[in-house]
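Notes follow once the structure below has been shown.
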Amino acid sequence: MTDDPPAVAPTDPGLQPAAGTGARLDPLFADPVRLGIVSVLAGATWAEFGFVRDAVELSDSALSKRISGLSDAGYVEVRKGYVGKRPRTWLNLSAAGRSALSAHIAKLQEIAKLL
Amino acid sequence: MATPEEARRTLNEIENRQRRSAAAAVTSRWWWIGGGAFLAAYGALLGFVPAFGRSWGSTVTWVLVLAAVLWSSRWGSALLGRQVSPRPVLSRRVRIIAVVVGVIVLVALQVVLMHVGVPHLAAWFGIAGGLVLAIAGPWWQGHVLDRTARL
């Protein structure tokens, strides 16, 4: 065991665990695809459905299913609208989702420190 | 429970995905340069051809407001072909304070320069603002996106 710092340091205040929540692994993020989706959403705000689909390499229906789960948990906000005549769906990581992701990352960093 | 190796690998994957989506939110350097050139030209016109401001000032203001709304809304971003919007690093409160402080500084500077009696004040303001936008804009954006992408 060494005291090496983890590969990724928590420098963004937006992704710090909320006070009192502490580091913990979120069972929803045990699925790497769900974790991939929230990671993509954490880097920006209001991403188009098509962008997230291409980033995580899923089909429309598979992504919809994953988004439903994350939305039900309150981690992802979904907005639908039209641009011209074309329907669009936008996704955003909610404050609860960001907090859960930061707690998950903090726990992973604790585990990585054991390396 | 993940092993340390798995945890480190997962952290790297999370960081890579965040960096990619932050990179997708980048605005082309040419938009910054074009915006800076427009601001400089507009300032020069206002400063050296005052009649232009009286005829076109309100029209240009409305066009700029419309452009700002387009740029910052989901609908407008989609119309312009942007699939993601950059995530603001500062909180809403800090952003509002920064805008208020910026406006106060600009107004104070203008009042001081008017008392000193600088000729073609609007032109110098426009040219200075345009240069700052064109040169510092891409740097500022890179700095903000880099902070956004780091965990």
Region B:107-127, residues that are touching a helix residue (DSSP H, G or I) at 6+ places or on another chain (Cβ under 8 Å), part of a helix (DSSP H, G or I) and free of Cβ contacts under 8 Å to residues at least 60 places away in the same chain: B:GLN110, B:LEU113, B:MET114
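For region B:80-93, state whether one or more residues are part of a helix (DSSP H, G or I), of a type outside the set (A, V, I, L, M, F, W, C) and within 14 Å of chain A (Cβ to nearest Cβ).
Yes, some residue in region B:80-93 is part of a helix (DSSP H, G or I), of a type outside the set (A, V, I, L, M, F, W, C) and within 14 Å of chain A (Cβ to nearest Cβ).
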Any pair with Cβ under 8 angstrom, 6 or more apart, that starts in region B:90-106 at a residue that is closer than 18 Å to B:TRP140 by Cβ and ends at one that is modelled with pLDDT under 90 and of a type outside the set (A, V, I, L, M): B:ARG95/B:PRO88
Checklist (1) touching a residue at least 12 places away in the same chain (Cβ under 8 Å); (2) touching a Lys or Arg at 6+ places or on another chain (Cβ under 6 Å); (3) at the interface with chain B (Cβ under 9 Å from one of its Cβ atoms); (4) hydrophobic (A, V, I, L, M, F, W, C) applied to A:ALA44, failing item: (1)
Tally, over region B:61-79, of residues that are surrounded by 11 or more Cβ atoms within 10 Å (Cβ to Cβ) and away from every other protein chain (no Cβ under 14 Å): 6
Subset tally (residues that are of a type in the set (Ser, Thr, Tyr) and crowded, with 19+ Cβ neighbours inside 10 Å) for region B:21-60: 2
Criterion violated by A:LEU25 - all others in (1) within 12 Å of chain B (Cβ to nearest Cβ); (2) touching an Asp or Glu at 6+ places or on another chain (Cβ under 8 Å) satisfied: (2)
Search result, residues across region B:1-32 that are among the polar types (S, T, N, Q), within 19 Å of B:GLN83 (Cα to Cα) and in a loop (DSSP other than H, G, I, E, B): B:THR27, B:SER28
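The values are calculated or read from the model by the stated rules, or taken from the named source; none is laboratory data. The shown structure was predicted, so the numbers you read here are calculated from the model rather than taken from an experiment. Because the Cβ atoms are built from the backbone with ideal geometry, glycine has one as well, and the counts that use them run over all protein chains shown.
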